[in-house]
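Have a look at the structure below before the remarks.
Every number here is computed from the coordinates shown, using simple stated rules; none is lab data. Note that the structure is a prediction, hence the values are computed from the model and not measured. Reconstructed Cβ throughout: ideal geometry from the backbone, glycine too, with neighbour counts over all protein chains shown.
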Amino acid sequence: MIMTDAREKILQLIRIKGPIIPAQISKEINTNILMASAYLSELSSNNLVKISNTKIGGSPLYYLPGQEHRLQDFANKLHEKEKKSYELLKQNKVLRDTILDPVSRVTLRNIKDFAVPLKVDYQDKSEIFWKWYLISNKEAEELIKIQLTPSKKTEEKKKEVQKPLKEDEQKEIKPIQKEVKKEIKPIKKEVALADEFDDKVQHYFSRNKINIIDKKIIRKNKEIELLVEIPSSVGDLKYFCKAKNKMKINDGDFSSAYMQGQSKNLPVLFITTGKLTKKANEMLEKEFKGLKVKQL
């Protein structure tokens, strides 16, 4: 009887206050957080309350079915990059995963209370779209159709490409083909030197007494991912390392490496042979604090 009264009181509190955490419940019903959590867990298992993915001080929110819209009151508790994706999705209602930057793709997967993934089969392939959690599937479907429908300009370009070549235009193909053949040789030469970048990275680690725990060559002579231990005054520190052989490093390169490091709960060491773009430099100072860059 006492438990039933406590349970009913909790439901009444949530009806009045909206999404709530166990610490608030414990104060209202004069019990400890452990008991409050037990009551809430029981209510959840009976589908009387729902549990959020968003956490306040490490604790999820408990709310009644139909109070989903009130979760927006806690959007300010999201991390800075998650807030940006939250606002972008709220404004657009539907986002196409393939055209998003790497950080947005990761953060949308994190804000599960607000971003609902939809798998769409289109032209013999599957794509992921993100739906604002408060709109219906029917509304999302209409918005997705708009994004997948080619514009008139795109259709005209396709028709232009598909037009058969005139006789005089066909004659011009031969010298172009010869040019392409001439360019094959240096490309093959580059493949033959595929280990040069790896050698440079290995030499840098050896010179700085950095221990390699794990290594994966993503693209020969272009990109390597490593798990390394870097010596310091407080002992060896474990880092996720992204090495890129590229002339210009942009903010997208940093975003991808930064999010990979975060997913592993590790700081990031970014090694490159290239120069940083102006935007990459700015983002390094503002958005990617703690990411260390070494130019070989």
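Only the Cβ atoms of Lys and Arg (+1) and of Asp and Glu (-1) were treated as charged; on that basis the dipole of region 59-104 about its Cα centre amounts to roughly 80 debye.
About its Cα centre, region 196-295 has a charge dipole of approximately 240 debye under the convention of +1 per Lys or Arg Cβ and -1 per Asp or Glu Cβ, with nothing else charged. Beyond 19 Å in Cα-Cα separation lie the following of the pairs Lys216/Lys244; Lys200/Lys275; Lys83/Lys238: Lys83/Lys238. Summarising the overall dimensions of region 2-69 from its C-alpha atoms, the Rg and Dmax are 10.7, 32 angstrom.
For Asp5, neighbours were defined as the other residues whose beta-carbon sits under 14 Å from its Cβ, and their charges (Lys and Arg +1, Asp and Glu -1) total -1. Classify region 196-295 as rounded, prolate or oblate from the Cα gyration tensor: take a ≥ b ≥ c as the square roots of its eigenvalues, call it rounded if a/c is under 1.5, otherwise prolate when a/b beats b/c and oblate if not. Cα axes put region 196-295 in the oblate bin. Between beta-carbons, use under 14 Å as the cut-off and find the net charge around Ile230, counting Lys and Arg +1, Asp and Glu -1. Once all neighbours under 14 Å are counted, the net charge is +3.
Scoring 38-44, 141-147, 121-127 by mean Cβ neighbours within 10 Å over their residues and listing the highest first yields 38-44, 141-147, 121-127. The dipole here belongs to region 78-148: it is taken about the Cα centre, uses +1 on the Cβ of Lys and Arg and -1 on the Cβ of Asp and Glu, and is about 120 debye. Compute the Cα gyration tensor for region 1-142, then decide on rounded, prolate or oblate, letting a ≥ b ≥ c be the square roots of its eigenvalues: rounded whenever a/c is under 1.5, prolate when a/b is larger than b/c in the other cases, and oblate in all that remain. Verdict is prolate for region 1-142. Quick one: of Lys27/Lys55; Lys55/Lys292; Lys215/Lys278, which pairs are farther than 21 Å apart, Cα to Cα? Check vs 21 Å cut-off fails for Lys55/Lys292; Lys215/Lys278.
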